[in-house]
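One structure is given here, and the rest of the page talks about it.
Each reported figure results from applying straightforward, stated rules to the coordinates on display, with no laboratory input. Note that the structure is predicted; figures quoted are calculated from it, not measured. Using ideal geometry, Cβ is built from the backbone for each residue, glycine included, and neighbour counts are taken over all protein chains shown.
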Amino acid sequence: MSATAPAHAGDAGTQARTLVIDTDVHENMASKMDLLPHMDDYWRHYMTTYQFDRAPNTPSAWPYAAMLTTRGRAEWTAEDGTIGRTVDQIREHLFDGEGVTHALLNGQFYPSMMTGNYEFAKALARAYNDWQRDNWLEQDERLYGSVQIVAHDVEEAVREIDRVAEHPRVVQVFLPLVHDRQYGEPKYHPIYEAAVRNDLVVAFHHLNYTQTLLGYPRYWLEWHTMCAPSAGMNQLMSLIANGVFDKFPTLKAVILETGVGWLNWFMWRADAQYKELRMEVPWVKRLPSEHVRDNVRLSTQPMGDTTPEHFASLVEMTDTAGVFMFSSDYPHFDADSLNVYDRLPEDLRRRLMYENALETYPRLAGLAR
Amino acid sequence: MKKVELCKLEDLEPGTVRRFDVGKLPLVVVRLPDGRIRAMRDRCSHYGARLSLGKLQPKVVGDEVGERRFAEDGEVVLRCPWHGYEFDVDTGRCIADPMHQSVRTYRILVEDDTVFLDR
């Protein structure tokens, strides 16, 4: 069987061609906003309100998560729509604008989240650590940094921690809050040992890959409400139950951007369960709540979960004034400014603003006067 | 009552969101798509953001899961640029929490193609 292609305007003057049918060709949009003329009013509204033009060009299993890193506070968004791209922006917005004096950089690039091509993930982590050092830490002495690692390869992670920790203003090892790894497991303990050896804390933060107990729920509202605090609780319980704080009593675990309201419930619940089930975990020598006060720190943003008055009551209930540390979540749209803390009692405010951070991060001790 | 001139009507196109500082009063004035003008204090009741940096948007309504449509009467909201709180431009109340989050509204007069704050 053979056939020739019908005449086509572009074929003027050529001989008839045998059919060739290509069954896999990829056209591309310049951006998803190319689709707006073909959408109804509501979805045009949704796309533009949540700035889908800045999210990756492919729909994914978690479309709302694709946009969560793209929206900044209006005043902090550059004309080209970018946020948090330069040291000058941090100087202008945070140091001059908000009254912050020192900033701990957590980035938004966590190669430890990658579930394949671990060699690539490790190369990315090394490159990011050097990039952060050269482009941020070396540009302003008020900036402090993190060690990105790939937790799957613990030996390599330890080497990277030792390497990057040589910079005096690197203050923490960074791990993403994820749903498919239990960071308390003994195989990860060398990471904590390396952190302690280098006077670093271990910080945890969620990102796109963090799921809820229901996976990626239907709506961003659900994910944004539940994801970070539930992931934080689960990983914290893993650290406690696997004896991380018993083994490394000077280790500090900092859990970022999970809000503040859940901690009391967690301490009460974990203590009650520990008293019933201690026999299962005899290597855990102290009440979970005691470990929380001594070894765990929470950054405060988003403080919108509660009022300052309620927060002060929560802290008093569980004697956790030493646990919380101010954070803004710059440059994101739901960041906290310092005015959020104005109605706190002065001594608690002082602890949040700097005292607890000075006590928590060994490498910040030099800022104390 | 005292009238404070804000601007010429032609300087407020429909869809405009604009800030005016009237003495110590920060004011956000919006001109709705149907031409009406509304004003409220330019300070979000949540964390104090400038509502004048926000957007005038159609109010989204719906009753069944998955149902979303714009309000049939053309109702619009002023959306805060920080956390996205939506404020009713007539009442100043937050759509999601009308009992606890609201912004004071102010009267606007239009006379001889001039827009006035009516204090």
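Full-extension gain between residue A:86 and residue A:5, please, as 0.36 nm times their residue separation minus the C-alpha to C-alpha distance.
Once the chain is fully extended between residue A:86 and residue A:5, it gains 23.6 nm.
Hey, which of these cross-link pairs are over 20 Å Cα-Cα: B:24/B:59; B:2/B:24; B:3/B:24? Write down the numbers at each step before the final one.
Values: B:24/B:59 31 Å; B:2/B:24 15 Å; B:3/B:24 16 Å.
Beyond 20 Å: B:24/B:59.
Please give, to one decimal in nm, the separation of the simple spin-label points placed at residue A:123 and residue B:114, each 7 Å out from Cα toward the Cβ.
Roughly 7.0 nm, to one decimal.
Relative to a virtual label point 7 Å from the Cα of residue B:10 in the Cα→beta-carbon direction, which members of region B:81-119 show backbone nitrogen distances below 12 Å?
Zone members listed by number: B:113-114.
What shape does region A:84-188 have by the C-alpha gyration tensor, where a ≥ b ≥ c are the square roots of the eigenvalues, rounded means a/c under 1.5, and otherwise prolate means a/b greater than b/c and oblate the rest?
In terms of gyration-tensor shape, prolate.
To the nearest 20 debye, what charge dipole does chain A have about its Cα centre, counting +1 at the Cβ of each Lys and Arg and -1 at the Cβ of each Asp and Glu?
800
Residue A:265 versus residue A:317, label points 7 Å from Cα toward the beta carbon: distance in nm?
That separation, rounded to one decimal, is 1.0 nm.
Order these by the 10 Å Cβ neighbour count, fewest first: A:299, A:313, A:289, A:238.
The fewest-first ordering by Cβ neighbours comes to A:313, A:238, A:289, A:299.
Given R₀ = 35 Å, FRET efficiency for residue A:250-residue A:347 by Cβ-Cβ distance, to 0.05?
0.85
Excluding residue A:359 itself, what net charge comes from residues whose Cβ is under 10 Å from its Cβ, given Lys and Arg +1 and Asp and Glu -1?
+2
Straight-line reach from residue A:32: which aspartates and glutamates have Cα under 16 Å away, leaving out those fewer than 8 places along the same chain?
Within the straight-line limit of under 16 Å, residue A:32 reaches these aspartates and glutamates: A:40, A:41, A:53.
Kindly provide the helix-only [θ] at 222 nm of chain A, computed as the sum of -39,500 (n - 2.57) over DSSP H runs of four or more divided by all residues, to the nearest 500 deg cm²/dmol?
After summing the helix terms and dividing by the residues of chain A, the value is -10000 deg cm²/dmol.
Placing unit charges on C-beta atoms (Lys and Arg positive, Asp and Glu negative, everything else neutral), compute the dipole magnitude of region A:153-198 about its Cα centre in debye, rounded to 20.
180
Can you give me the relative contact order of chain A as a percent, contacts being Cα pairs under 8 Å and 6 or more apart?
Value for chain A: 13 percent.
When Lys and Arg each count +1 and Asp and Glu each count -1, what net charge do the other residues less than 12 Å away from residue A:253, Cβ to Cβ, add up to?
Cβ neighbours under 12 Å give a net charge of +1.
Before anything else, pin down the relative contact order of region A:229-305: Cα pairs under 8 Å, at least 6 apart, normalised by residue count, whole percent.
48
For region B:6-113, just say rounded, prolate or oblate: build the C-alpha gyration tensor, square-root its eigenvalues into a ≥ b ≥ c, call rounded for a/c under 1.5, and beyond that prolate if a/b exceeds b/c, oblate if not.
Oblate shape, in that a/c is at least 1.5 and b/c is the bigger or equal ratio.
Which whole-angstrom value gives the distance between the alpha carbon centres of region A:280-320 and region A:179-228?
Cα centres, region A:280-320 to region A:179-228: 18 Å.
Treat each spin label as a single point 7 Å out from the Cα along the C-beta direction, and report the residue A:102 to residue A:134 distance in nm.
2.7
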